[in-house]
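The values are calculated or read from the model by the stated rules, or taken from the named source; none is laboratory data. The model shown is predicted, which means the values in this text are computed figures rather than measured ones. Cβ: placed from backbone, ideal geometry, glycine included. Neighbour counts: every protein chain shown. Just so you know, the surface numbers come from the protein's heavy atoms only, side chains and all, with ligands and any DNA or RNA stripped out. Shrake-Rupley method; radii C 1.70, N 1.55, O 1.52, S 1.80 Å.
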Amino acid sequence: MLAVAIALVALAGWQWRRDRDDAPGTLLKLPPSDITQVELRIGNGPAEHFSKREGHWWRVDGTAARADDGRLAELADTAAASVLSWRPLSDFDPTRIGLAPPVAVLSLDGQRLEFGETSVTGPQRYVRVNDRVALVSVRYTPRPATQEATKAR
C-alpha cells in the first residue's frame, strides 16, 4: 500500500512538471517590477521613451516630465502577459497578421514586442517576440496616452 502511494505521488509530480514545461508561459521572462525603461511606438507615430526613477515613471523625450504611473505599469505588465500559444514566425505571412508593419512596438528594457492584428478566433492579438509569434489577450494591446496622462505633473 505504501509503495502504491509513493508511486502515485511520483506520477503526480512527473505529470505536474510535464504540464508546467508544456505551458506556453509569458511573453517575456522579465518580471514587470524590474522594468525601468519603456519605449512605445503606436502605428507610424513617434516613439515615446520612459524611464523609472525612484518608483515613478518619467517621460524622457526632451525635458523630463512625470508620466502616468498607472499607464506605464500596464505597459510593464505586458511582459507577464499569459501566452495562449506560441508558433514560429515562419508559420505566418507577417503582412496578413498585421506585423509588416506592426500596429504597435513596445520595448521593455530593450526587449522588443511587435503587436499585430487581432485574431479571427477570439479577442486575441498576435505579438512577435524575436522569431516566434504569440497569441495574447487583447487587453495587453498598448494604448495611446490620453490628454490627461500626457500633462506634466
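Quick notes
- Within the chain: Cβ-based charge dipole about Cα centre, in debye rounded to nearest 20 (Lys, Arg +1; Asp, Glu -1): 100 debye
- GNM result for the chain, Cα springs below 10 Å: residue of Val38, Val133, Val120 fluctuating most strongly: Val120
- Seen against the Cα atoms of the chain and their longest principal axis, helix 2-22 is set at about 30 degrees.
- Subtracting the Cα-Cα distance of Arg112 and Val9 from 0.36 nm times their residue separation leaves 33.0 nm of extension gain.
- The accessible surface of the chain, taken with every protein chain in place and a 1.4 Å probe, is 55 percent carbon and sulfur.
- Probe 1.4 Å, accessible area per residue of the chain, Å²: 61 Å²
- Among Gly110, Gly25, Gly13, the residue with the largest mean-square fluctuation in a Gaussian network model of the chain, with springs joining Cα atoms closer than 10 Å, is Gly13.
- The slack between Ser119 and Asn44, meaning 0.36 nm per residue of separation minus the straight C-alpha distance, is 24.8 nm.
- Choice from Leu11, Leu40, Leu89 with maximal GNM fluctuation in the chain (Cα, 10 Å cutoff): Leu11
- Equivalent ellipsoid dimensions for the chain as semi-axes, Å, which come from the Cα gyration tensor, largest first: 36, 21, 12
- Applying 0.36 nm per residue to the separation of Leu2 and Ala73 and subtracting their alpha-carbon distance, the gain on full extension is 20.5 nm.
- Summarising the amide proton neighbourhood of Val103: residues at separation of 5 or more, or on other chains, whose placed amide H is nearer than 5 Å comprise Phe115, Gly116.
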